[in-house]
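Notes follow the structure.
The values are calculated or read from the model by the stated rules, or taken from the named source; none is laboratory data. A quick note: this is a predicted structure, and the numbers were derived from the prediction, not measured. Cβ atoms come from the backbone with ideal geometry, glycine included; neighbour counts cover every protein chain shown. The accessibility values were calculated without ligands, DNA or RNA, using every heavy atom of the protein model including side chains. Shrake-Rupley method; radii C 1.70, N 1.55, O 1.52, S 1.80 Å.
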There are 4 protein chains.
Amino acid sequence: MPEKSPKFRRRAEARPDEVLDAALELFLERGFAATKVDDVAKRAGVSKGLVYLYFPSKEALIEAIVLRAVTPIAERAIGEITHFQGNPRIAISTVMRFLVSRLSDPQVMNVPRLIFREVAQFPHIAQMYRRDVLDKMIPVLRARLQRGMEEGYLRPHDPDLTLRTVVGPLILHVLLSEIFGIEPEGGLALDRLVENHLSILFDGLSVRGERS
Amino acid sequence: MPEKSPKFRRRAEARPDEVLDAALELFLERGFAATKVDDVAKRAGVSKGLVYLYFPSKEALIEAIVLRAVTPIAERAIGEITHFQGNPRIAISTVMRFLVSRLSDPQVMNVPRLIFREVAQFPHIAQMYRRDVLDKMIPVLRARLQRGMEEGYLRPHDPDLTLRTVVGPLILHVLLSEIFGIEPEGGLALDRLVENHLSILFDGLSVRGERS
Amino acid sequence: MPEKSPKFRRRAEARPDEVLDAALELFLERGFAATKVDDVAKRAGVSKGLVYLYFPSKEALIEAIVLRAVTPIAERAIGEITHFQGNPRIAISTVMRFLVSRLSDPQVMNVPRLIFREVAQFPHIAQMYRRDVLDKMIPVLRARLQRGMEEGYLRPHDPDLTLRTVVGPLILHVLLSEIFGIEPEGGLALDRLVENHLSILFDGLSVRGERS
Amino acid sequence: MPEKSPKFRRRAEARPDEVLDAALELFLERGFAATKVDDVAKRAGVSKGLVYLYFPSKEALIEAIVLRAVTPIAERAIGEITHFQGNPRIAISTVMRFLVSRLSDPQVMNVPRLIFREVAQFPHIAQMYRRDVLDKMIPVLRARLQRGMEEGYLRPHDPDLTLRTVVGPLILHVLLSEIFGIEPEGGLALDRLVENHLSILFDGLSVRGERS
DNA sequence: TATGAATGAGGTTTCATTCAT
DNA sequence: CATGAATGAAACCTCATTCAT
């Protein structure tokens, strides 16, 4: 016998999260602009009005999604990278592998996918993401590279530019897959990418003795 | 009835291009969605109806913009990279410097900027861009890396993944600036970025003898 | 289980009135349409549901407000005007001064202010007001004017039209202030208005001997 | 054979006025809030979009209606009242009779009726009306009363308050009819009202020798 | 009694596109 | 070729009201 399904069901508890889950699904399936608030409500099994009870606008949905997912990961990564002493190679490798392990969980990966797709249309979200994630992570990474140089582990370089070399390949990898559907043979293979990249990052692509 | 003056005829022939110029400007200023066809027409100094005489829809404008700008650069880069024999370090460095010189021209830079911003919303454009640019450039770059490895210039690596290490940092650099307004102190400095990156790319970040 | 204290019980009994007080305040501050039932409930310190327990609809609130306030004043004025014998100048002057004294109490004044603002939108209220106030006061005033004429105190006139001359200036005075924010220098000054008006009403504006 | 009725008819000329006519009709029939823009469009025989081509918002419709109707009458009245020299009785009587003659045209009367009904809900309109009409007419009338006093035609009084005695009865007369449906036996009879009122206004209600 | 979570109808406004002229 | 008046679908959001608890 099926559960009774009255017009009014009171379940204050997890409702906002269920709405966000539905929204995330739909935003990824159809894009933010093409998703109606009514669709989100229906998928979450609630009424349109209830969505507006929890979130003041459609845009607030995307913000809440990002906020919910992004903060814990960023904090974890920052903790990770400041934790390791000595050769920054260990710290950076560990953090990148941690990031990859998180991104490999499709559930977790969905949010960066959403950000890639929609952030350019929502300066508000871009600013939020910058404030909550980038402005925290970039200084930490830059400082780690700087210290690695000062402690003699790393060759002279400009840490501010180098961090782009550290992270850029990962971003491009995801971007090519997400936006253009371009993946290496055998699937995304984030772990293989990272190993290949780390090896080049620290040891260079040239054979020994080639250094100019 | 007298012939129209050549001056007038030339204007008429250049009309579609003027419309595209206006559209590109506005799409960058306000974004595609926030730009009205009427705005494009006004900026181009024509009527709304005329825009529809040249282009069947608003989306066709963005496609035409991309098409017009992207093809010549891609072809040039491909020619460049296959031209250099011997150590691929020369080829890759030359091509990246060429790309940077092109991107430093704000006029040229505008189109990639537009693509970054809008491509995620237009799968159609993404496919077009993939077909006309990526599917041509990626195999060439991959082949060059492969040959460099086979000829003993480069250490063993997966060329398909390595090309992400080669290009990713440049992409991230532009992206951080374009989407999040994050630039190194002293401005974009694409050339400094490339030099810093190429040095790491070929020689690694670790000091000599650190190789693991 | 102990009896609830009388204090609590009295509160419970006064609840509907407290709701009306809150509603009146808010309707005047923001207007009827712009006031949400939830706002009324919050200001009254009760829940939205309770408001609907006492009043069947939002519109019922405004009706109850008017009903509660209007009846006693109207009855008092009617009593007043029929009380005075002889020269109706005394009766009319006394009643107008009484009205002014009541209207000068901001607490009392609020309800006519609300009516001025909202009555046009609510034919229902207009009818109620007509039935409970106007249809009682107008005939009394008209009869008084009629008798004053018959008894030789007043010149010949049409009492039905004259009553508009008697009351109109007071209405316009409040209206200008309430709707358009137009007041004489020195504030509303209802008493000065009435004295100026009564003097003209009975003796005319023209200097003696000017009668045409 | 009926006129061809193509989907697109080009008739830029009188369109805005036709839209305003339709809007006025509907606002009076149903009230502003209860009238949908779509209704206005349909009654005017155009599309909803066209309404927004001429008027930026629904509220702009009511503003345009008031502006269109009110300005010429106000200007005419002001001219009238400043025109007459000598005894202000002539000036005031003439103007009031002029106003009555205008208001007796149902076409013209509609706009004041609309204002009475809706002005309280739209502070914007109230301000506009005050600026364009009241702030022009009141000073003129006050000055005329002042001069009449100085020149010895009128007894001492406060012109700022007296003008409320002059105009208030007319306003109340229309208001009683419009809002409450209260009219003297025999219909509105604006002209009878004015004659009754003017007689009282200048000569007073009391019989001669009664002056207190 | 009392609560407040939940509902859902309803209307303004925008703007890509069309087509009579 | 060129215009710009005209169309109308589409969607966000509000809020009075309901009812399970």
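Some values worked out for this structure:
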{"quantity": "Positions from the range D:148-162 whose accessible area shrinks by 50 Å² or more when the full protein complex is built, not the chain alone, probe 1.4 Å", "calculated": "D:Arg155, D:Leu161"}
{"quantity": "Residue among B:Pro16, B:Pro156, B:Pro112 with the largest mean-square fluctuation in a Gaussian network model of chain B, springs linking Cα atoms under 10 Å", "calculated": "B:Pro156"}
{"quantity": "Listed residues D:Gly187, D:Gly49, D:Gly31, most fluctuating in chain D (Gaussian network, C-alpha, under 10 Å)", "calculated": "D:Gly187"}
{"quantity": "Phi to ³J(HN,Hα) by Karplus 6.51 cos²θ - 1.76 cosθ + 1.60 over the range D:110-115, Hz, x for Gly, Pro", "calculated": "3, 5, x, 4, 4, 4"}
{"quantity": "C-alpha long axis of helix B:88-104 to longest principal axis of chain B, angle in °", "calculated": "30 degrees"}
{"quantity": "Computed [θ] at 222 nm, deg cm²/dmol, chain C (DSSP H ≥ 4; -39,500 (n - 2.57); rounded to nearest 500)", "calculated": "-24000 deg cm²/dmol"}
{"quantity": "Flagged links, alpha-carbon separation over 26 Å, of A:Lys48/C:Lys48; C:Lys58/D:Lys36; A:Lys42/C:Lys58; A:Lys36/C:Lys58", "calculated": "A:Lys42/C:Lys58; A:Lys36/C:Lys58"}
{"quantity": "Solvent-accessible area buried by pairing A with B, both sides, nearest 100 square angstrom, 1.4 angstrom probe", "calculated": "5500 Å²"}
{"quantity": "For chain A, built as a Gaussian network whose Cα springs stay under 10 Å, the top-fluctuating residue of A:Asn196, A:Asn87, A:Asn110", "calculated": "A:Asn196"}
{"quantity": "Using alpha-carbon coordinates, inclination of helix C:6-30 to the longest axis of chain C, degrees", "calculated": "60 degrees"}
{"quantity": "Mean shadow area of the protein assembly as shown, taken as a quarter of the surface of its Cα convex hull (nm²)", "calculated": "61.0 nm²"}
{"quantity": "Within the accessible area of the range C:68-203 (1.4 Å probe), percent carbon and sulfur", "calculated": "57 percent"}
{"quantity": "Residue-level accessible surface for C:Tyr52, protein heavy atoms, 1.4 Å, Å²", "calculated": "110 Å²"}
{"quantity": "Ranking by accessible area, most exposed first, for D:Ser47, D:Ser93 with a 1.4 Å probe", "calculated": "D:Ser47, D:Ser93"}
{"quantity": "Between helix C:159-180 and chain C: long-axis angle, C-alpha atoms, 0 to 90°, nearest 10", "calculated": "50 degrees"}
{"quantity": "Solvent-accessible ranking of A:His124, C:His83, A:His173, largest area first, probe 1.4 Å", "calculated": "C:His83, A:His124, A:His173"}
{"quantity": "Surface per residue (accessible, 1.4 Å probe) for the range C:68-203, Å²", "calculated": "41 Å²"}
{"quantity": "Area of A:Glu118 that stays accessible when all protein chains are in place (1.4 Å probe, Å², to 10)", "calculated": "10 Å²"}
{"quantity": "Heavy atoms of D:Ser104 accessible to a 1.4 Å probe, total area in Å² rounded to 10", "calculated": "70 Å²"}
{"quantity": "Karplus 3J(HN,Hα) series, Hz, for the range C:146-151 with 6.51 cos²θ - 1.76 cosθ + 1.60 (x for Gly, Pro)", "calculated": "4, 5, x, 5, 5, 7"}
{"quantity": "FRET efficiency, B:His124 to A:Arg76 (Cβ-Cβ, R0 45 Å, nearest 0.05)", "calculated": "0.75"}
